[in-house]
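These notes are about the structure you will find just below.
The values are calculated or read from the model by the stated rules, or taken from the named source; none is laboratory data. Here the structure is a predicted model, which means the values were calculated and not measured. In this analysis, Cβ positions are derived from the backbone assuming ideal geometry, glycine residues included, and neighbour counts consider all displayed protein chains. Surface accessibility is based on the protein's heavy atoms, side chains included, excluding ligands, DNA and RNA. Shrake-Rupley method; radii C 1.70, N 1.55, O 1.52, S 1.80 Å.
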Amino acid sequence: MTERTLSIIKPDATARNLTGKINSFFEEAGLRIVAQKRLRLTLDQAQAFYAVHAERSFYNELCEYMVSGPVVVQVLEGENAIVRNREIMGATNPANADEGTIRKAVGKDVQENSVHGSDSPENAAKEISFFFSEIEIAG
Ligand code: CMP
């Protein structure tokens with residue numbers, strides 16, 4: 001089943017000029033980047049995007065980190081793109097990520113883990129529409 005998922009290349013990765021390297025992981029694994037833009041989140045936007053984590057101890061730190069530099073938000077498309085992207089990213093904590101995954105290759109720690117990917121079809125739809133209108137997505 002062809003799906004779309006929302007991906008974010010996070011500030012730790014944009015700071016190290018890793019956008020192209022990370023995009024190669026997606027493309028070599030068969031996912032297509034059908035929308036992409038680089039922007040700086042406001043604190044309000046970061047808090048809204050991660051509202052699901054509002055009760056977690058790391059929420060404030062996470063939001064501060066997500067506004068600390070530019071991010072690249074993107075829509076990835078392909079067969080089972082949501083699960084596939086989570087496989088390509090690897091475990092949330094880079095210390096637990098498998099060889100060959102993005103977080104193993106470039107993730108710094110559990111917070112500065114270089115990439116975000118939607119975790120379900122419902123969240124993918126919400127997260128894509130948070131950043132993109134349909135006219136900005138070209139499959
Ligand atoms: P992400 O996949 O974007 O989803 C929530 C984010 O919160 C996660 O990646 C990490 O950046 C961050 N995160 C998750 N767990 C922790 C933790 N224990 N401490 C700090 N940050 C975390």
- [ ] Sort the chain into rounded, prolate or oblate with this rule: let a ≥ b ≥ c be the square roots of the eigenvalues of the Cα gyration tensor; rounded if a/c is under 1.5, and if a/c is not under 1.5, prolate when a/b is larger than b/c, oblate otherwise.
- [x] rounded
- [ ] For the stretch 49-139, give the percent of accessible area contributed by carbon and sulfur heavy atoms, probe 1.4 Å, rounded to a whole number.
- [x] 49
Open item on the list: Can you compute 3J(HN,Hα) from phi for each residue in the stretch 104-116, using the Karplus curve 6.51 cos²θ - 1.76 cosθ + 1.60 with θ = phi - 60°, rounded to whole Hz and x for Gly and Pro?
Closed with: 5, 6, 9, x, 9, 7, 4, 8, 8, 9, 6, 9, 10
TODO: Report, by chain and number, residues whose modeled amide H sits under 5 Å from the one on Asp119, excluding near sequence neighbours (fewer than 5 apart, same chain).
DONE: Ala124
- [ ] Take the alpha carbon gyration tensor of the stretch 98-139, find the square roots of its eigenvalues, order them as a ≥ b ≥ c, and report rounded if a/c is under 1.5; if not, report prolate when a/b exceeds b/c, else oblate.
- [x] prolate
Task: Ellipticity estimate at 222 nm from DSSP helix runs (n ≥ 4, -39,500 (n - 2.57)) divided over the chain, nearest 500 - done: -10500 deg cm²/dmol
TODO: Over the chain, give the accessible area per residue in Å² for a 1.4 Å probe, as an integer.
DONE: 52
TODO: Taking the dipole about the Cα centre of the stretch 35-139, with the C-beta of Lys and Arg at +1 and of Asp and Glu at -1, give me whichever of Gly69, Leu43, Ala91 is farthest to the positive side.
DONE: Gly69
Open item on the list: Can you classify the stretch 61-139 as rounded, prolate or oblate using the Cα gyration tensor, where a ≥ b ≥ c are the square roots of its eigenvalues, rounded means a/c under 1.5, and otherwise it's prolate if a/b beats b/c and oblate if not?
Closed with: oblate
Open item on the list: At a threshold of 8 angstrom on Cα-Cα distance, excluding pairs fewer than six apart, so keeping six or more, what relative contact order does the chain reach in percent?
Closed with: 37
